[in-house]
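Peer 1: Below you'll find the structure I mean.
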Amino acid sequence: MKVQSGLKKWVHTSDHTTGNPWTLLLFFSLPLMAGNIFQQMYTVVDTAVVGKALGIGALAALGAVDWLNWMTLGAVQGFTQGFSILMAQNFGAGQYEKLRRTMTNAIFLAVLCGAALTAASEVLAGPAVTLLKVPEEIRPISMAYLRIMFGGLPVVMAYNLAASILRSLGNSRTPLLAMVIASLTNVALDLLFVIGFGWGVRGAAAATIIAQCLSAAYCIWHICHIDALRIRREDWEIRAALCGRLMMLGSPMAFQNTVIAIGGMITQTIVNGFDVPFIAGFTATNKLYGVLEVAATSYGYAMTTYTGQNLGAGKLRRISEGIRAGLVIALITSVVIAAAMLAFGQWMLAWFLPEDTGETVRALAVGYRYLTIMAICLPVLYVLHLTRSCIQGMGNTALPMVSGLAEFVMRTGAALLLPALLGEDGILYAEILAWAGADVILIPSYFGVVRNIAAAKSS
């Protein structure tokens with residue numbers, strides 16, 4: 001790690017425009033991966049505590065509306081990650097004045113988007129639960145959980161924006177430490193609120209939001225101590241052109257994530273038509289999905305930063321070197337994780353379920369079948385994340401959005417058709433086909449974007 005001029009010595013940044021791409025991507029990803037693991041503890045602990053303490057019904061209630069949570073979170077992450085692309089390019093070019101101005105305009109847009117998402121989510125929560133066909137016996141539990149989670153969206157926006165700013169500077173350590181602190185807090189508060197105070201799913205949701213508050217505060221505190229990001233009065237000038245450019249980067253990514261989530265909601269609607277043990281088993285595996293994906297997400301964030309900085313520095317050859325290195329690292333990782341899930345998956349799924357009953361046995365069987373399918377096809381998901389993030393880092397968020405639409409079509413089509421052909425197990429293949437649909441778009445798109453940028457540079 002090298003420290004950039006204008007930044008305090010204890011603030012770590014990483015210049016990805018020089019050095020070995022393999023080393024840079026791997027070591028930048030490791031803190032991100034650790035941070036993502038701790039972030040996954042939020043949902044894993046929430047789900048495990050709810051499932052063990054409150055039973056199959058409460059677990060199914062969380063799973064029945066899980067995609068609604070992911071839709072709002074995906075929109076938040078889409079906007080903030082899109083905003084960070086321009087910041088990474090400013091940093092790679094050494095343009096700190098532009099970096100500060102970009103950051104202030106991104107903050108302005110994040111406040112507006114966060115307020116709009118919160119209002120829309122609270123208003124539409126009830127109709128969405130109805131559309132999802134959540135069983136009547138678990139609907140009140142689902143609504144109680146959603147109300148608190150949606151109310152905390154401004155906090156989620158604050159953390160994701162602050163973490164994106166730090167990652168754009170090559171700082172993956174601070175978001176890691178933020179997640180460690182927040183995750184440990186979440187575990188403690190889950191046990192206190194759910195079991196100690198008896199607050200049920202409301203306690204699990206409140207624990208998550210309070211933990212997110214801590215992670216946001218920690219990242220913001222660090223940003224405030226970076227000299228290069230020390231905001232001056234003139235930096236707060238809101239520029240329509242700059243806001244437009246940021247929204248052109250962030251909106252397609254938010255839309256992409258939203259469309260993907262809508263496809264997941266349609267799938268969940270089909271799942272909600274099965275019995276409660278099936279919903280619970282499906283939910284348990286979906287919680288482990290985050291563990292399957294954690295390294296892929298980390299490599300994706302690293303690739304976005306790497307690509308953005310090198311594009312800003314005009315080093316196109318290094319982008320190609322980086323994607324090759326990233327793909328090899330990602331594929332090896334996916335095989336290792338898949339093997340671990342096949343070996344220990346049943347044991348891990350049992351964390352989320354109450355003691356053995358007839359319902360628990362069925363839920364566990366459904367969950368492990370689903371987990372096995374996803375583990376075997378995991379390399380497809382890792383290729384998706386690497387290629388999509390590389391294209392986004394090069395400033396093209398339209399093609400990844402198209403890949404999100406392909407995911408939607410494949411996931412929705414499979415969810416509607418396969419259960420009729422294969423029975424209830426048909427729904428378990430919808431996610432895999434969605435990954436494959438995105439890859440069909442992303443792989444040729446990467447080569448096309450590289451050619452276009454090279455042609456523009458040479459002309």
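The values are calculated or read from the model by the stated rules, or taken from the named source; none is laboratory data. All values reported here derive from a predicted model rather than from experimental measurement. When we count neighbours, we look across all protein chains shown, and the Cβ atoms used for this are built from the backbone with ideal geometry, even at glycine.
Peer 1: When residues of segment 104-136 are filtered for being surrounded by 23 or more Cβ atoms within 10 Å (Cβ to Cβ) and either more than 22 Å from the chain's Cα centre (by Cα) or closer than 21 Å to HIS16 by Cβ (or both), how many remain?
Peer 2: Count: 3.
Peer 1: Answer yes or no: is there a residue in segment 331-338 that is surrounded by fewer than 16 Cβ atoms within 10 Å (Cβ to Cβ), out of contact with any Phe, Trp or Tyr (no Cβ under 7 Å at 6 or more places or on another chain), touching a residue at least 12 places away in the same chain (Cβ under 8 Å) and of a type in the set (Gly, Ala, Ser).
Peer 2: Checked segment 331-338: no residue is surrounded by fewer than 16 Cβ atoms within 10 Å (Cβ to Cβ), out of contact with any Phe, Trp or Tyr (no Cβ under 7 Å at 6 or more places or on another chain), touching a residue at least 12 places away in the same chain (Cβ under 8 Å) and of a type in the set (Gly, Ala, Ser).
Peer 1: Suppose the filter is assigned to a helix (DSSP H, G or I), hydrophobic (A, V, I, L, M, F, W, C), under 30 Å from PRO400 (Cβ atoms) and more than 18 Å from the chain's Cα centre (by Cα); does MET247 pass it?
Peer 2: On the way: assigned to a helix (DSSP H, G or I): yes; hydrophobic (A, V, I, L, M, F, W, C): yes; under 30 Å from PRO400 (Cβ atoms): yes; more than 18 Å from the chain's Cα centre (by Cα): yes.
So MET247 passes the test.
Peer 1: What's the total number of residues in segment 148-168 that are among the β-branched types (Val, Ile, Thr) and within 14 Å of the chain's Cα centre (by Cα)?
Peer 2: Total satisfying the criteria: 1.
Peer 1: Can you run down the residue pairs with Cβ atoms below 8 Å, 6 or more apart or on separate chains, where the first is in segment 155-183 and under 22 Å from GLY250 (Cβ atoms) and the partner is of a type in the set (Asp, Glu)?
Peer 2: Close Cβ pairs satisfying both conditions: GLY170/ASP15.
Peer 1: Same structure, new question: Can you name the residue in segment 214-238 that is within 28 Å of the chain's Cα centre (by Cα), farther than 19 Å from GLY94 by Cα and in contact (Cβ under 8 Å) with a residue 60 or more places away in the chain and, of all such residues, is surrounded by the fewest Cβ atoms within 10 Å (Cβ to Cβ)?
Peer 2: Result: ILE220.
Peer 1: On the basis of being farther than 20 Å from ASN171 by Cα, out of contact with any strand residue (DSSP E or B) (no Cβ under 9 Å at 6 or more places or on another chain), among the small types (Gly, Ala, Ser) and at pLDDT 90 or above, does ALA340 make the cut?
Peer 2: Considered against the rule, which asks whether it is farther than 20 Å from ASN171 by Cα, out of contact with any strand residue (DSSP E or B) (no Cβ under 9 Å at 6 or more places or on another chain), among the small types (Gly, Ala, Ser) and at pLDDT 90 or above, ALA340 comes out as yes.
Peer 1: Within segment 6-17, can one find any residue that is of a type in the set (Val, Ile, Thr), over 27 Å from HIS385 (Cα atoms) and either at pLDDT 70 or above or part of a loop (DSSP other than H, G, I, E, B) (or both)?
Peer 2: yes
Peer 1: Related question: Can you give me the ranges of the helices (runs of 4 or more DSSP H) entirely in segment 347-459 with at least 3 residues that are more than 21 Å from the chain's Cα centre (by Cα) and in contact (Cβ under 8 Å) with a residue 12 or more places away in the chain?
Peer 2: 358-376, 398-422, 430-458
Peer 1: Okay, next question. Which residue out of PHE274, PHE352 is at negative phi and buried (at least 23 other Cβ atoms within 10 Å of the Cβ)?
Peer 2: So the residue among PHE274, PHE352 that is at negative phi and buried (at least 23 other Cβ atoms within 10 Å of the Cβ) is PHE352.
Peer 1: While we're here: Can you tell me which residues in segment 280-295 are surrounded by fewer than 24 Cβ atoms within 10 Å (Cβ to Cβ) and either acidic (Asp, Glu) or at pLDDT 85 or above (or both)?
Peer 2: GLU293
Peer 1: What residue, among those in segment 137-181 that are within 22 Å of TYR299 (Cα to Cα) and among the small types (Gly, Ala, Ser), is surrounded by the fewest Cβ atoms within 10 Å (Cβ to Cβ)?
Peer 2: GLY170
Peer 1: Taking segment 66-92 as the region of interest, how many residues are within 23 Å of GLY152 (Cβ to Cβ) and modelled with pLDDT under 80?
Peer 2: Counting residues in segment 66-92 that are within 23 Å of GLY152 (Cβ to Cβ) and modelled with pLDDT under 80 gives 2.
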